[in-house]
Each structure stands twice: as C-alpha cells, then as structure tokens.
Amino acid sequence: MAPTSLTTSSTILFLLLLAIPICLEAKPLKLKQTEVVFYMHDWETGANVTAIPIAGLPKKPWAVGSFATIIAIDDTLTETIDRNSAQIGRAQGIYVNSALDGSDLHFLMSVVFTNKQYNGSTLEIQGADRFFNKYREVSVVSGTGMFRLARGYAILETVYLDLPISNAIMRWNVTVLHY
C-alpha cells in the first residue's frame, strides 16, 4: 500500500513542478473600457416596423404601455438620431411590460454590431427601463467577440416618443469593461 501512495504523491509533485513555468509565463488579460453612443429606433407602426407585440393579457389590447405585453424587436441602431444615418447594428430580443401600471419595460436583448469597428461582436442587455423617466440605466451582463466577458451599464434617454402610435428613438450611452 505504501508504494502506491508514494507513486501517487511523486506523480502529483512532478505535475505541479511542470505547471510552475507555465503559470509564470501566462500573461494576465488586460481589462479595457469602451464607451459607445448610438440611437435605437423602435418602430411599432408605419414603414419598416421593427417592434411587434407577440403576446399579452387575454381580451386586453397588446401595447407597449399595457402590463404583460411582450414585444419582439429587431431595432436599427444608428450613429445619429436620423433614422437614415449610418447603421452600427441591431437590437434584437424582447421587452416585456412588467409593471401593473404599465410604466416599466424589462429588456432582454442583444446589441449585435454590424459596423466595421465592432462587426460580429455583441453586448447582452438586461434590466428595467422605466421609460417615463428622462434617464434610465440597464445592465450590460455579457458580450462576445471584442466584448468577451463584458460587464457594464447603459444610460438610456428617450429623444423622440410618439406614444399614441408607439414609435420611439432612444439614445444609448454604453460603458463596458471587457478583455
């Protein structure tokens, strides 16, 4: 029994000694901060609809301001407030009106970048959007590509709102830490 125990101990010690040079040469990843500003065009009516109610309370209107309404989105993200300005990506996912009084949306979405600088990278967004407040904050909970292991926040500001027809433009000021 003792030789087996000695052999196992010797093997473990040998493997640990082999691992020391590898650990000493490993370079820690440097944490970077990136700030990006874009405009999200959320259009439920008119030409080029990008947000569509897909579920809600039975026998109640499905609308952005109605509790329990779920809206699927594929919103355009642009460099400026102009809907025809350069596109930097898409906001794809869902939001749910999660307040009984209809004043809060819960975002679950991916910011999918298509511009040259961040093409193919994504940021995952989650959080409460109390859309009647001038400024709101949601979480960046993850990312891919250039934003791998991202974490951070986004400050949202509604710069255009036509509530009767449910069209809006939101300015996003995003700060992310990533490797």
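The values are calculated or read from the model by the stated rules, or taken from the named source; none is laboratory data. Bear in mind that the values here come from a model prediction, so they are computed numbers and not experimental data. Glycine also receives a Cβ, built like all others from the backbone with ideal geometry; neighbour counts cover every protein chain displayed. Ligands, DNA and RNA are excluded from the accessible area calculation, which covers all protein heavy atoms including side chains. Shrake-Rupley method; radii C 1.70, N 1.55, O 1.52, S 1.80 Å.
Only residues that are open to solvent by less than 40 Å² (accessible area, probe 1.4 Å) and in a strand (DSSP E or B) were counted in the range 143-157, giving 5. In the range 129-167, which residues are at pLDDT below 95, over 27 Å from residue 29 (Cβ atoms) and of a type outside the set (Ser, Thr, Tyr)? Those that are at pLDDT below 95, over 27 Å from residue 29 (Cβ atoms) and of a type outside the set (Ser, Thr, Tyr): 129, 130, 131, 132, 133, 134, 161, 162, 163, 164, 165, 167.
On the basis of being at pLDDT below 95 and more than 18 Å from residue 49 (Cβ to Cβ), does residue 126 make the cut?
Against the criterion (at pLDDT below 95 and more than 18 Å from residue 49 (Cβ to Cβ)), residue 126 does not qualify.
Entry remark, the range 31-51: residues being within 19 Å of residue 80 (Cβ to Cβ) and in contact (Cβ under 8 Å) with a residue 60 or more places away in the chain number 9 in total.
Of the residues making up the range 153-178, those that are under 12 Å from the mean Cα position of the chain (by Cα) and within 17 Å of residue 80 (Cβ to Cβ) are 172, 174. Within the range 158-179, being open to solvent by 60 Å² or more (accessible area, probe 1.4 Å), not in a loop (DSSP other than H, G, I, E, B) and not basic (Lys, Arg) holds for 160, 161, 163, 164, 165. Residue 93 falls short on exactly one of the conditions (1) touching a residue at least 12 places away in the same chain (Cβ under 8 Å); (2) over 25 Å from residue 45 (Cα atoms), and that condition is (2).
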